[in-house]
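Student: I have a structure here, written as structure tokens, and I will follow up with some questions on it.
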Ligand code: SF4
Ligand code: SF4
């Protein structure tokens, strides 16, 4: 048995769209029956790059989440299709049969991740095939993986313990994108953006100078973290849970320690934290 899939490291994605363009180059106008009919010129994004904006000026962040079909083990698209028009291959790849799926527009709306697109001209639903036609011909990787310059996309067999994807999946903090959909995606992620708390430390008696090397701690949500302010006096804790209460502590010899209560309904920029010197 095999379970071919992708592991997507969001922290390595630069948003360059090379994977999207490689996918377009592979599938636009090309017929890979029985796995896919030609992709039309417009309206199809088999590899989407979702932009996620976090925080506000002066501490904004922009992350990119590559989103192909996630080749789910309990795929709603398989369940929604008549006549076995959507099926999982023995290697785990979910395929929409372009002939059997003709006219089955409901398949488009069955995917909670919104990665199926309707081809108006051919009247078929279409999506990422993980380049099944290439893999059948002995190619080692889908086009998107080949095209990625940063190593954000890792392809392989999850059931092969010697594969890179299996080793990374065992060693990294691997996550499911939108686990609430309960479709058991085989394509998983590392570094899905979460909440952050940031701030800038200054000293009351040293105006205009950044407070570098100040110890800042974070407690709450089951974590206990510590960092030092950088040469701009800035600090940041990222990867925090949403809607969770935290306590930020700031300690510096010769200054009164501070505790700040923070809740992560949103990302939080505490702004300037002014340390008061002991008399
Ligand atoms: S991500 Fe959507 S299209 Fe892909 S297998 Fe899961 S439900 Fe089907
Ligand atoms: S090619 Fe790689 S780095 Fe560029 S957008 Fe795609 S996943 Fe991100």
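Student: With the alpha-carbon atoms as the only input, what is the per residue convex hull volume for the chain in Å³?
Tutor: Convex hull volume per residue, Cα atoms: 147 Å³.
Student: Using a/c under 1.5 as the rounded threshold, could you call segment 195-275 rounded, prolate or oblate? The axes a ≥ b ≥ c are square roots of the C-alpha gyration tensor eigenvalues, and prolate needs a/b larger than b/c, oblate otherwise.
Tutor: prolate
Student: Moving on to the next point. What FRET efficiency would be calculated for the residue pair residue 206, residue 53, taking the C-beta separation as r and a Förster radius of 35 Å, to the nearest 0.05?
Tutor: 0.55
Student: Relative to the longest principal Cα axis of the chain, at what angle does helix 18-27 sit, 0 to 90 degrees, rounded to 10?
Tutor: 10 degrees
Student: So, one more: What percent of all Cα-Cα pairs in segment 1-47 falls into each 10 Å bin, going from 0 up to the bin containing the maximum distance?
Tutor: Binned Cα distances yield the sequence 22, 41, 31, 6.
Student: Sticking with this one: If you average the alpha carbon positions of segment 231-247 and of segment 116-136, how far apart do those two centres end up, in angstrom?
Tutor: So the separation of the two Cα centres works out to 42 Å.
Student: Name all residues of segment 1-26 having a backbone nitrogen under 11 Å from the label point set 7 Å from the Cα of residue 172 along its Cα→Cβ direction, giving them as ranges.
Tutor: From segment 1-26, the list is 6-13.
Student: Could I ask something else about it? Per-residue counts of other Cβ atoms within 10 Å, averaged by peptide: what ranking do you get for 181-193, 237-249, highest first?
Tutor: The most tightly packed comes first, giving 181-193, 237-249.
Student: Please label the shape of segment 129-212 as rounded, prolate or oblate, based on the square roots a ≥ b ≥ c of the eigenvalues of the alpha-carbon gyration tensor (a/c under 1.5 means rounded; beyond that, a/b larger than b/c means prolate, else oblate).
Tutor: Verdict is prolate for segment 129-212.
Student: Using a/c under 1.5 as the rounded threshold, could you call segment 1-155 rounded, prolate or oblate? The axes a ≥ b ≥ c are square roots of the C-alpha gyration tensor eigenvalues, and prolate needs a/b larger than b/c, oblate otherwise.
Tutor: Prolate, since a/c reaches 1.5 and a/b exceeds b/c.
Student: Please give the peptides 194-202, 163-171 ranked by average Cβ packing (other Cβ atoms within 10 Å per residue), highest first, as a rough proxy for protection.
Tutor: For the peptides 194-202, 163-171, the packing ranking is 194-202, 163-171.
Student: Let me ask something else about it. Restricting to DSSP H runs of at least four residues, report the calculated mean residue ellipticity at 222 nm for the chain, -39500 (n - 2.57) per run over all residues, nearest 500 deg cm²/dmol.
Tutor: -3000 deg cm²/dmol
Student: Using 19 Å as the cut-off for backbone N distance, which residues of segment 108-129 belong to the label zone defined by a point 7 Å from the Cα of residue 82 along Cα→Cβ?
Tutor: Only 108-111, 118-120, 122-126 pass the distance filter.
Student: Further question: When you count, for each residue, the other Cβ atoms within 10 Å and take the mean per peptide, how do 205-217, 20-32 rank with the highest first?
Tutor: Descending packing order for the listed peptides: 20-32, 205-217.
Student: Can you give the relative contact order of the chain as a percent, counting alpha carbon pairs under 8 Å and 6+ residues apart?
Tutor: 19 percent
Student: Modelling each spin label as a point 7 Å along the Cα-to-Cβ direction, I'd like the residue 244/residue 1 distance in nm, to one decimal.
Tutor: So the two model labels end up 3.3 nm from each other.
FYI, it's all coordinate maths here, none of it is from the lab. Computed from a prediction, not measured in an experiment: that's the story for all the values here. Neighbour counts run over all protein chains shown; Cβ positions are idealised from the backbone, glycine included.
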